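Each reported figure results from applying straightforward, stated rules to the coordinates on display, with no laboratory input. Computed from a predicted model, the values in this text were never measured in an experiment. Cβ coordinates were reconstructed from backbone atoms using ideal geometry, including for glycine residues, and neighbour counts include every protein chain displayed.
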Amino acid sequence: MLKRVSQEDGLQQSGTRASLTPGSARLKSLCFYSGVFAVTAATLMLQIIETRIVSVTSWYHLAFFIISIAMFGLTGGAVWVYLRSESLARLDLNDVLARNAFYFALSTILTLLVQMTLVTSSTASLTSLFAWAELAIALAIPFFFSGVIVSLALTRSPYPIGIVYGVDLVGAAIGCIGVLLMLNIASGPTAILWIAALGAAAASMFAGAGSAATGFGAPQGAPELRYRLPLLLAILLLAIINPLTDRGIYPSYVKDGIESPKTFAFQGWNSFSRVTLTHDTKSEPAMWGASSHMPPIIIQQQWMTLDGSAGTSMYKFGGNIEDVSFLRYDITNLAYHLPGLDAGAVIGVGGGRDILSARLFGVKSIVGVEINPILVDLLTRRYADYTAIGNLPGVAFANDEARSWFARTDHSFDIIQMSLIDTWAATGAGAYTLTENGLYTVEAWQIFLRRLNPNGVFTVSRWYAPGEVNETGRMVALATATLLDMGIPDPRAHLFLATGGNIATIVVSKSPLSPQALASLKKAVADLGFGILVSPGEKSASPLLQSIVDAPDRAGLRVATEKSYLDLTPSYDARPFFFNQLRFDRLFGSRPISADIGAGVYAGNIVATLTLAMLVLISAFLVVGTIVVPLYSAVKNSGWGLAFGGTTYFLLIGIGFMMTEIALVQRMSVFLGHPVYALSVVLFSLILATGIGALASERFQLNSAPRLFVWAILTALYIVALPHWMPPILLQLDSAQLLTRATFAVLVLAPAGFLMGFGFPTGMRLVGEIDRRPMPWFWGINGAGGVLAASVAVLTSMAFSIDTSLQVGGVCYLLLVLPAAGLWRAVGRRDPEHDFALDRAAPAVQPGAE
């Protein structure tokens, strides 16, 4: 590894110490710290914003992939520093830092351009494999340069390592929080440009740290840095102009389709999604499950799309409710045929069609609960002249996450409607992380049902495939489990399910459906030509659905859902993947894997899983080719015992850290209401707490086997215990404001991060006591384990539960006692003449924390 230079040597690298006045020395140190802060903040913002962009261009479940690739790039940069240690030692530190910050800025823009033009198809093919590999390499490049900067700043800086590390952590933490603000004022591509500008500014800061008194000269030996200020100005100009034109940088290929900004009358980004609105057209009204009895009609409407795939229509509406009378013929509005509905709520307003439906059927008081402020703004302000929904008397909007709002409100309702609140991106591609996951769990449905009046109903519409049960079966199982968990002995008396076309609508009543209510529902079904799937007192046409609603308890429900080749088990907060219906234990069973079964649901899940497998394969190749192979020489002559023990130790902490991180991101996504919130809060908490733990490990060293064993057991116990005590508190806090929920998440995550922060530096000190030569290998193995574990964590949560991923992470830390015991025995046998102390040039931060 690089030898860490002394403070005097380091200052001499940037100019003779004698020539520096106190004022210029302070300016140089300020420039250096500012550069570190800017780079680490930009790195974390880039990581989180990339998850937003990939959610638009590809699929939601790739958030884990971005985390994995970011770790890979950071680890690769530090590996490069190790491999070039001798040549880098002869160069000026600030020169190298400034140059790599310059490259970070430049590569961030080039990566964005590649990403905006690259076709990452969802088909499982060799072409798709190479396309994803190209994207992975492109995305990793800026993180590579960031890894170089952070590694050098922590190992060769003449400044106190504690302060440098602290600035590193604060920058990363601020980046996690700042990204939420940035995404609310800029589009994804524009936000990336601002990040590139921050990187270019960092290049000037490092250049200032290396210059003489003024702090603004270009370091010697870096001729390209004469362009750093022109690059910064060019990026700033591009970032300002990009949102003002439709000829700037934008995704050209979205969700397997070519896209042009000219087709949009409106386009807006925020931390939740990208919303687009097409130009006004005259056509038949967009309907979900239209009755065959609906008379022909032509209306004006605009098509609204979220993240390139989730679509709904915004009708031109001037205030006369009979202008949308065609909504009476949609299966999604079946529950409105019930009498006595005065107060209603709509989850997810979209283009406002459900609010119009409620008013059309005579509901007097309507609340539209919508998490995305862009949609509320479109309906109430920007397009208020096009659609007068916001001006209807008795209609109000709550810009909030639905679970939290319903848990907090003191209002009660006669009807709560949730129609197709997801995206086809979710249904078709697995939806491993998605806002709406938290709306399709037993815990969420219990919250909704508790907000109903005694005879109130909760109605949900989902996709239906004739002859299959797929989402419909899981929806019925979810409703049955919710009622059973609420102590209702006969769920069948509370459920009515009808279908129209490829849509099924379930009506869940808080009280048993009365004869009058059943008569109204059956009459509506008959008049509109729909079909009944489940009704109290009647045998279902589907034996599977019948066995589900007949389940007397949770055990009976489990037996009933086992009959399907699909996963129809009810989704809970611990396993909220409602849209992923693959049974991994039956993936290669008697049911054929083809694209024509399950009306797209099963086939879409297969595609998502194959895509996940491709990404795991790509990550493995990248890890082996750029980390394992280059670093192998560092360990091959160190002895089998040290190689095996050290490799096992660092592999376990790499896997354990990432299993815990991904599981907490998934769990907090349900709790906080959106994956972006979860990413920001979880990364902020773990980065800060892990860094503090790493620093604390120097003062409170685990310098004996008993101490290390106690630490490993405490860390494992805390992580493993999280699924046992945390969920009840999360449910109690569902009614809290977002800031309160985020604060609690930080408090929960901080101890885990603090304890895990001891693992990496302790391991490095331990192996350093035996032999310093293989330390780069162990560090690389730690990063490699984290990169690959990101994918494993997603699969584990899907197949078993998020709690299982947490428990696997905890067990990894518990298992550390085995290789640690072997390493301590090796320390006891070491030759005092070959007692290597831990060099400061050893990696100071475990990649998972970055």
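Post the alpha-carbon centroid distance, the range 455-521 to the range 618-660, in whole angstrom.
After rounding, the separation between the Cα centres reads 52 Å.
With a Förster radius of 30 Å, plug the Cβ-Cβ distance of T245 and A384 into 1/(1 + (r/R0)^6) and report the FRET value to the nearest 0.05. Present the calculation step by step, with values, prior to reporting the outcome.
On the way: r = 26 Å, r/R0 = 0.87.
So, using R0 = 30 Å, E works out to roughly 0.70.
As I understand it, the value is the acute angle between the Cα axis of helix 228-241 and the longest principal axis of the Cα atoms of the chain; what does it come to in degrees, rounded to 10?
The helix 228-241 is inclined about 10 degrees to the chain.
Taking 0.36 nm per residue of separation and subtracting the Cα-Cα distance, what length does fully extending I297 through E698 add?
Values: separation 401, 0.36 × 401 = 144.36 nm, distance 7.42 nm.
The I297-E698 span can extend by a further 136.9 nm.
The list (1) 235; (2) 160; (3) 206 gives values of volume of the Cα convex hull per residue in Å³, and only one came from this structure; which label was calculated from it?
Matching entry in (1) 235; (2) 160; (3) 206: (2).
Of all chymotrypsin sites (Phe, Trp or Tyr not before Pro) in the range 657-734, which ones are in loop regions per DSSP and have a Cβ with at most 13 other Cβ atoms within 10 Å?
Values: sites: F657, F671, Y677, F684, F700, F709, W711, Y718, W725; in loops: F700.
Loop-located and lightly packed - F700.
Between the alpha-carbon centers of the range 525-566 and the range 745-796, tell me the distance in whole angstrom.
48
Give me the angle, in degrees from 0 to 90, between the Cα long axis of helix 470-485 and the longest principal axis of the Cα atoms of the chain, rounded to the nearest 10.
The answer is roughly 90 degrees.
So which chymotrypsin sites (Phe, Trp or Tyr not before Pro) in the range 86-189 are both in a DSSP loop and have at most 11 other Cβ atoms within 10 Å of their Cβ?
Working: sites: F102, Y103, F104, F130, W132, F143, F144, F145, Y165; in loops: none.
Here no loop site has a sparse enough neighbourhood.
For the chain, compute the number of Lys pairs whose alpha carbons are separated by less than 30 Å, excluding pairs fewer than 8 positions apart on the same chain.
20
If you take the beta carbon distance between V827 and R84 as r and set R0 to 30 Å, what does 1/(1 + (r/R0)^6) give as a FRET efficiency, to the nearest 0.05? Intermediate results must be reported in sequence, preceding the final value.
On the way: r = 31 Å, r/R0 = 1.02.
Efficiency, from the Cβ-Cβ distance: 0.45.
Suppose we flag trypsin sites (Lys or Arg not before Pro) only when DSSP calls them loop and at most 15 other Cβ atoms lie within 10 Å. Which is the longest uninterrupted stretch of the chain?
Details: sites that count: K3, R84, R90, R247, K364, K539, K563, K636, R830.
In the chain, the maximal stretch lacking such sites is 637-829.
Using only Cα atoms, what Kirkwood radius does the range 618-773 have, in angstroms?
Numbers: mean 1/r = 0.0576 Å⁻¹.
About 17.4 Å for the range 618-773.
Set the Förster distance to 51 Å, then compute FRET efficiency between F621 and A736 from the Cβ-Cβ distance, nearest 0.05. Walk me through the numbers before you get to the answer.
Values: r = 44 Å, r/R0 = 0.87.
Step by step, r from the Cβ atoms, then E = 0.70.
How far, in degrees from 0 to 90, does helix 775-799 lean away from the longest principal axis of the Cα atoms of the chain, to the nearest 10?
10
Pop a pseudo-label 7 angstrom from the Cα along the beta-carbon direction at both A555 and K522 and give the gap in nm to one decimal.
Going from the A555 label point to the K522 one covers 3.5 nm.
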